[in-house]
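First up is the structure itself, then whatever we jot down about it.
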Amino acid sequence: MTEATASDLDELELDALTELVNLGVSRAAFSLREMIQQQVHLSVPSVELIGRMKAIEILGKSEISKLVAVHQVFEGDITGRALLIFPETRSLELVRAVTSSELSLEDIIELEQEALAETGNIVLNGCLATMANNLQRTLKISLPEILRGDSHSLFNLEPPPHAGDVVLFVYINFSIHERDIQGYIALLMDMPSLAALKVLLREFIQRATGAAPAQDA
Amino acid sequence: MGYKILVVDDSKLARMAVAKALAALHPDWTRVEAANADEAIAVLKQSKPDVAVLDFNMPGRDGLDLAAELRAMVPNMPVAVISANHQQEVVDRARAIGATFLVKPLTEPALQEFLAGAVAQLKAAGA
């Protein structure tokens, strides 16, 4: 196995990673659609290797200053964090969408924290589990945590120990037109994971394209 | 004689995966590829494929928009749209256009079933 310093992904590996994220987010959107009974529209994912500060800057570009995020850390062969992010003003609408429209405002407010955590958990787990299954590895996923604040404070999370300054940054927009809800899913993967990821992606490519002898249907 | 299939996906890996399944099922078929809707229309005009397999989530026009265009240009061409996004609205739209919806990652049996139907349809149309 090569060292992390030589682990820049080549074109096909980046393609495979984008496809993998696409599979994961599509599954997650399907789960969310089942919860709210309304279509969830997704953008094409963007996958980039950039500096941690640059990632925070992109995440912070939103004109909306007050944001809510459901945040989960994943650990295993690859380590990083997954975030489901949307404007705080639409948070109650999302809760309403996943619960019942008949609930009173008091009930909705009371349920907010729990409903957001559960929604984030289903969406982010759906995405991460699909990715892990396709890579044939297990990821340990932390419990969801709700973060609130302006974009800078929200994303200026402490990097894990040994994490470098460069992160693999994956970003997808989602929207629910009928509810006027828009947000995004972001994955930040730490540099030390990249060498491991590269190996996993090569195996994934082999399975998908038939270069390897065995193929699961 | 084998047929000619058009494979459209912005992911090279996904196109390779379709190529692998196709090689196992119909080694005598010819494959032409495109990475987006505009390229697909150009390839369609130039190569005149018999069957098309399209990715749904692509930059620019998505696979369902492209499927509708292809169906308008070549009404008898069997078209499949592939996506991991199997939300009911997406599946319904595919059906309304007259395209088959296939779940990603694509499996050989799923592609086989679509292609068997496509061959029957092409034979009936005298292609």
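Count, please, the residues in segment A:43-74 that happen to be over 14 Å from A:Arg148 (Cβ atoms), among the hydrophobic types (A, V, I, L, M, F, W, C) and out of contact with any Ser or Thr (no Cβ under 7 Å at 6 or more places or on another chain).
8
From B:Ala35, B:Ala24, which residue is within 13 Å of another protein chain (Cβ to nearest Cβ), touching a helix residue (DSSP H, G or I) at 6+ places or on another chain (Cβ under 9 Å), under 21 Å from A:Leu201 (Cβ atoms) and not basic (Lys, Arg)? Break it down into steps so the answer makes sense when it comes.
Numbers: B:Ala24 fails: under 21 Å from A:Leu201 (Cβ atoms).
Exactly one of B:Ala35, B:Ala24 is within 13 Å of another protein chain (Cβ to nearest Cβ), touching a helix residue (DSSP H, G or I) at 6+ places or on another chain (Cβ under 9 Å), under 21 Å from A:Leu201 (Cβ atoms) and not basic (Lys, Arg), namely B:Ala35.
Could you check how many residues of segment B:103-127 are within 17 Å of B:Gly63 (Cα to Cα) and modelled with pLDDT under 95?
Qualifying residue count for the region: 4.
What about A:Leu23, is it farther than 21 Å from A:Arg179 by Cα, buried (at least 16 other Cβ atoms within 10 Å of the Cβ) and more than 11 Å from chain B (Cβ to nearest Cβ)?
Working: farther than 21 Å from A:Arg179 by Cα: yes; buried (at least 16 other Cβ atoms within 10 Å of the Cβ): yes; more than 11 Å from chain B (Cβ to nearest Cβ): no.
Against the criterion (farther than 21 Å from A:Arg179 by Cα, buried (at least 16 other Cβ atoms within 10 Å of the Cβ) and more than 11 Å from chain B (Cβ to nearest Cβ)), A:Leu23 does not qualify.
On the basis of being farther than 26 Å from B:Ala23 by Cβ, in contact with a strand residue (DSSP E or B) (Cβ under 9 Å, 6 or more places away or on another chain) and among the charged types (D, E, K, R), does B:Asp55 make the cut? Quick ask: steps written out before the conclusion?
Working: farther than 26 Å from B:Ala23 by Cβ: no; in contact with a strand residue (DSSP E or B) (Cβ under 9 Å, 6 or more places away or on another chain): yes; among the charged types (D, E, K, R): yes.
When the stated conditions are applied, B:Asp55 does not pass them.
Under 23 Å from A:Ala28 (Cβ atoms), free of Cβ contacts under 8 Å to residues at least 60 places away in the same chain and among the β-branched types (Val, Ile, Thr) - does that describe any residue in segment B:8-29?
As a first pass, look at segment B:8-29 and keep what is under 23 Å from A:Ala28 (Cβ atoms): B:9-11, B:13-14, B:17.
From what's left, free of Cβ contacts under 8 Å to residues at least 60 places away in the same chain: B:10-11, B:13.
Still in the list and also among the β-branched types (Val, Ile, Thr): none.
Looking through segment B:8-29, none of the residues is under 23 Å from A:Ala28 (Cβ atoms), free of Cβ contacts under 8 Å to residues at least 60 places away in the same chain and among the β-branched types (Val, Ile, Thr).
Restricted to segment A:26-54, and to residues that are among the charged types (D, E, K, R) and part of a helix (DSSP H, G or I), which residue is farthest from the other protein chains (Cβ to nearest Cβ)?
A:Arg52
Count, please, the residues in segment A:67-94 that happen to be surrounded by 21 or more Cβ atoms within 10 Å (Cβ to Cβ) and free of Cβ contacts under 8 Å to residues at least 24 places away in the same chain.
0
What number goes with the only condition from (1) closer than 20 Å to B:Ala124 by Cα; (2) crowded, with 23+ Cβ neighbours inside 10 Å; (3) of a type in the set (A, V, I, L, M, F, W, C); (4) in contact with a Lys or Arg (Cβ under 8 Å, 6 or more places away or on another chain) that B:Ala52 does not pass?
Result: B:Ala52 fails condition (4) only.
Among the numbered criteria (1) more than 9 Å from chain A (Cβ to nearest Cβ); (2) assigned to a helix (DSSP H, G or I); (3) farther than 20 Å from B:Leu122 by Cα, which single criterion is violated by B:Met16?
Of (1) more than 9 Å from chain A (Cβ to nearest Cβ); (2) assigned to a helix (DSSP H, G or I); (3) farther than 20 Å from B:Leu122 by Cα, only one is false for B:Met16: (1).
Restrict the check to segment B:85-92 and report whether at least one residue is away from chain A (no Cβ under 12 Å) and more than 14 Å from the chain's Cα centre (by Cα). Let's see the steps before the verdict.
Initial filter on segment B:85-92 (away from chain A (no Cβ under 12 Å)): none.
Scanning segment B:85-92, I find no residue that is away from chain A (no Cβ under 12 Å) and more than 14 Å from the chain's Cα centre (by Cα), so the answer is no.
The values are calculated or read from the model by the stated rules, or taken from the named source; none is laboratory data. As the structure is a computational prediction, the values presented were derived from the model and not from experiment. No Cβ is skipped: glycine too gets one built from the backbone with ideal geometry, and neighbour counts run over all protein chains shown.
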